[in-house]
Ligand code: SF4
């Protein structure tokens, strides 16, 4: 493993065994995150991005089967640890910011108890005064005004933006190496969204925390991420740096994600959503999973899964348009 690598995920497969058959929610996902970097996992709902993050946290239901060649978090293989170790890992090395803080904050406890709990858990024997002063400091860092007063509040007494800041404070209080943020600003209005993203960027730079940003929003990706993995039907179908993905889009699905964004330069332009729906993961198409929705589909796409093709060291795509016998450079473009 290279020095400075925070997370390395190799061939992650998360399958669910149901009465209807095997649901391959994640099927061969690989990526890595260097220290202090942010990787975006991008895709529509149901593409496998949240199950990927829950797999890293080992927060899967009993019906799930998790397999991977390896998942190294700071050099430790998290597939090889038991439930108790996994629980200790969560919070100490890896923590998560959820989309809707109201569902992850406990409504019956004041903020001071919920935030203080993290300090008590990670620093046994810490004094009450120390917990209080660290809690105030942490809320201040994430931009909560009047932190002493806010500590006495219950979650419902705070605005959506403040609750999300409190969630971020809780997830950073244990000083984790990796933060997984699952659509962290989706529930917020646009101006608060921008403030929260700005604050997360500042914290990342200050503490060199690595981040896995799960989102369907390419605007957020452009704002905060270094690398991007586009995920479809449980697989990474295109991966690259921000420049690779934004300036040299290759996969028709990535193109579709861009084309379904509002065009700020031409406000009259119509949105062009991707036609059709994500396939049923228990019944994926035989060839390319995107085939039924793809404007560029060829005969081969119906029967053969596309292999990974590299455009350069950092940028790869899984699509028959780019295999060596069928190069169609520049075919895919943005509206
Ligand atoms: Fe479209 Fe074929 Fe590429 Fe799949 S492999 S994205 S169907 S062109």
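Nothing in this text is a laboratory measurement; each read-out follows from the coordinates by a stated rule. Small disclaimer: the values here were computed from a predicted structure and weren't measured. All Cβ positions, even for glycine, are placed from backbone atoms using ideal geometry, and neighbour counts span all protein chains on display.
If each residue's Cβ is checked for other Cβ atoms within 10 Å, how do 291, 6 rank with the fewest at the top? It would help to have the intermediate numbers written out before the result.
Values: 291 20, 6 24.
Listed from fewest to most nearby Cβ atoms, that is 291, 6.
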- Ranked on Cβ counts within 10 Å of their own Cβ, fewest leading, 108, 23 go 108, 23
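For segment 1-88, just say rounded, prolate or oblate: build the C-alpha gyration tensor, square-root its eigenvalues into a ≥ b ≥ c, call rounded for a/c under 1.5, and beyond that prolate if a/b exceeds b/c, oblate if not. Before the final figure, lay out each step's value.
Values: a/c = 2.14, a/b = 1.41, b/c = 1.52.
Cα axes put segment 1-88 in the oblate bin.
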- Kindly provide the Kirkwood hydrodynamic radius of segment 134-188 in Å, to one decimal, from all pairs of distinct alpha carbon atoms. 11.7
- Message: How high is the relative contact order of the chain? Use alpha-carbon pairs under 8 Å, at least six apart in sequence, and give a whole percent.
- Response: 20
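Full extension from residue 156 to residue 35: what is 0.36 nm times the residue separation minus their Cα-Cα distance, to one decimal in nm? Write down the numbers at each step before the final one.
Details: separation 121, 0.36 × 121 = 43.56 nm, distance 3.53 nm.
Difference between extended and current length: 40.0 nm.
Hey, what did segment 74-168 get for relative contact order, percent, Cα under 8 Å, at least 6 apart? The partial results should precede the final answer.
Numbers: 71 pairs, mean separation 32.9, N = 95.
With pairs under 8 Å counted, the relative contact order is 35 percent.
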- Task: Could you state the angle between the C-alpha long axis of helix 128-141 and the longest principal axis of the C-alpha atoms of the chain, as a value from 0 to 90 degrees rounded to the nearest 10?
- Result: 40
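Using the eigenvalues of the Cα gyration tensor, what equivalent ellipsoid semi-axes result for the chain when each is taken as the square root of five times the eigenvalue, whole Å, largest first? Mind dumping the intermediate values first?
On the way: eigenvalues 272, 105, 64 Å².
Three semi-axes, in Å: 37, 23, 18.
Is segment 196-274 rounded, prolate or oblate when judged by the Cα gyration tensor, a ≥ b ≥ c being the square roots of its eigenvalues, rounded requiring a/c under 1.5 and prolate requiring a/b larger than b/c?
Because a/c hits 1.5 or more and a/b fails to exceed b/c, segment 196-274 counts as oblate.
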- Note on the structure: If one compares the long axis through the Cα atoms of helix 190-207 with the longest principal axis of the Cα atoms of the chain, the angle in degrees, nearest 10, works out at 80
- Item | Over the chain: helical MRE at 222 nm, DSSP H runs n ≥ 4 each giving -39500 (n - 2.57), nearest 500 | -9500 deg cm²/dmol
- Query: Over segment 191-266, what is the relative contact order in whole percent, taking alpha-carbon pairs under 8 Å and six or more residues apart?
  - Reply: 18
- Query: Could you give the angle, 0 to 90 degrees to the nearest 10, between helix 83-92's Cα long axis and the longest principal axis of the Cα atoms of the chain?
  - Reply: 80
- Query: Roughly speaking, what is the stretch gain from residue 286 to residue 10, that is 0.36 nm per residue apart minus the C-alpha to C-alpha distance, in nm to one decimal?
  - Reply: 97.0 nm
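Quick one: length gained pulling residue 298 to residue 312 fully straight, 0.36 nm per residue minus the C-alpha distance?
Working: separation 14, 0.36 × 14 = 5.04 nm, distance 2.46 nm.
Extra length available between residue 298 and residue 312 comes to 2.6 nm.
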